[in-house]
Amino acid sequence: MTATALHDKLASSSAHLGEYSGTATAADFGDVRDEFNALFSGCGVYDLGWRTKVAITGSDRVRWLNGMVTNNVRDLAVGCGVYAFLLNPQGHILADLYAYNRGESLLVDTDQTELEKVLAVFDKYIIMDDVEIANISDKLTAIGIAGPNAAEVLRAAGIDPPELQPLQFVNLKWQQMDLTVVRGDNASVQSFELWLAPETVSLLTEALMKSGAVPVGATALDLLRIASGIPRYGQDIRERDLPQETEQARALNFTKGCYIGQEIVERIRSRGNVRRKFTGFLVEGPLPAAGAKLQIEGNEVGEITSAASLPSATQVPVALGYIRREVATPGQQVDAGNAKVKVTNLPFAEVLKP
């Protein structure tokens, strides 16, 4: 298990350390409820060192990556990014990632646990292409900041980016150091990623906390993910899943041309033949475990992939998972072990409002 660039600073603070996505980082800082609420009502700052950065260079980089992933890299403007899937030829999801156009290079951002697979697939499909792949995670790491006060905290810390659209970024100088500010794409909460050299990440984190950001650990960050209805690869998205089952339309482009697995994705689109959908559930009774089967009158109709009690004004037990489309109507009640769950639209943000 690797340690993030922030690990040493976290180890000397009030953080309770733990493992998240194959890395050692902060699990929490003593009060998960306060940390979670900061993300929705104030501003939280958190370690993103469990994400990895891969640079793609060479004259064929745009054409090549466009033929590898499900979204449109070919027409991606400099300073912008997209979310995408990496598929096998049978249309199953090998990984998810973000791709950004940095001008002289493309940058792929993915989870640490997906890196080995992503690099292996990339290496396999570089044939006669002028493309070079480099893992630059030792040169570029990230922290995140989220909440309605996030932009205000950035300005208080001396960082004043222009207005950015989701997944748009800008390169700045902060205290004579290079910094990239990326607007997040979580529609439930305003967020930014800050990319910088590992040796400067502690200094920036400290500046943001002095400017009003609450330190947030991986536990509260994962609760934000669940509340926002965002599936996580390796847990909610697995290799056996098909792109349209995940309900992540933002990862797909149907006009970009050919890519690995495109024939299957297009066949599903044209025939409308996808049996399951990713959705949310409100839980009544004990919180079901990931993997719990969903049943109606003894017939299996789906499964739970993530579950949590969201610490808003009261504990709100919720779950994410897949259910057959014919019974995916909001309000539909389903058995999940000893619990009853009710199908609901995502995100869960509505249940968190006072």
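Per-structure values
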| read-out | value |
| --- | --- |
| Separation in nanometres of the label points that stand 7 Å from Cα toward Cβ, at LYS293 and LEU172 | 5.3 |
| Accessible area in the full protein assembly, largest first, 1.4 Å probe, for ASP138, ASP60, ASP96, ASP130 | ASP138, ASP130, ASP60, ASP96 |
| Prolate/oblate/rounded label for region 1-103 (Cα gyration tensor, a/c 1.5) | prolate |
| Candidate lysines - alpha carbon under 24 Å from LYS210, same-chain residues fewer than 8 apart omitted | LYS9, LYS173 |
| Helix-only CD estimate at 222 nm, as mean residue ellipticity for the chain, using -39500 (n - 2.57) per DSSP H run (n ≥ 4) | -5500 deg cm²/dmol |
| Rounded accessible area of CYS258 (nearest 10 Å², 1.4 Å probe) | 110 |
| Residues SER202 and ASP34, FRET efficiency given R0 of 22 Å [Cβ-Cβ distance, rounded to 0.05] | 0.50 |
| Surface share of carbon and sulfur [accessible, 1.4 angstrom probe, percent] for region 165-320 | 49 |
| With every protein chain in place, region 1-127: carbon and sulfur % of accessible area (1.4 Å) | 51 |
| Largest-first ellipsoid semi-axes for region 141-235, taking √(5λ) over the Cα gyration tensor eigenvalues, angstrom | 22, 15, 13 |
| Probe 1.4 Å, accessible area per residue of region 216-282, Å² | 42 |
| Heavy-atom surface of region 6-150, accessible at 1.4 Å and reported per residue (Å²) | 38 |
| Anisotropy class of region 49-136 from Cα gyration tensor, a/c 1.5 cut | rounded |
| Within straight-line cross-link reach of LYS256, aspartates and glutamates at Cα separation under 16 Å, skipping those fewer than 8 residues along the same chain | ASP75, GLU266 |
| The chain - share of DSSP beta bridges that are antiparallel (%, nearest 5) | 95 |
| Residue list for region 207-242, given a label point 7 angstrom along the Cα-to-Cβ vector of GLU152 and an amide N cut-off under 17 Å | 208-215 |
| Dipole axis of the chain (+1 Lys, Arg; -1 Asp, Glu on Cβ), positive-most option in VAL316, THR329, GLY103 | THR329 |
| List TYR100, TYR233, ordered by accessible area with a 1.4 Å probe, largest first | TYR233, TYR100 |
| Listed residues LEU223, LEU86 arranged by accessible area, highest first, probe 1.4 Å | LEU223, LEU86 |
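The values are calculated or read from the model by the stated rules, or taken from the named source; none is laboratory data. These numbers come from a predicted model, not from an experiment. Neighbour counts are summed over all protein chains in view; Cβ atoms, including those assigned to glycine, are modelled from backbone coordinates with ideal geometry. Only protein heavy atoms, including side chains, enter the accessible area calculation; ligands, DNA and RNA are left aside. Shrake-Rupley method; radii C 1.70, N 1.55, O 1.52, S 1.80 Å.
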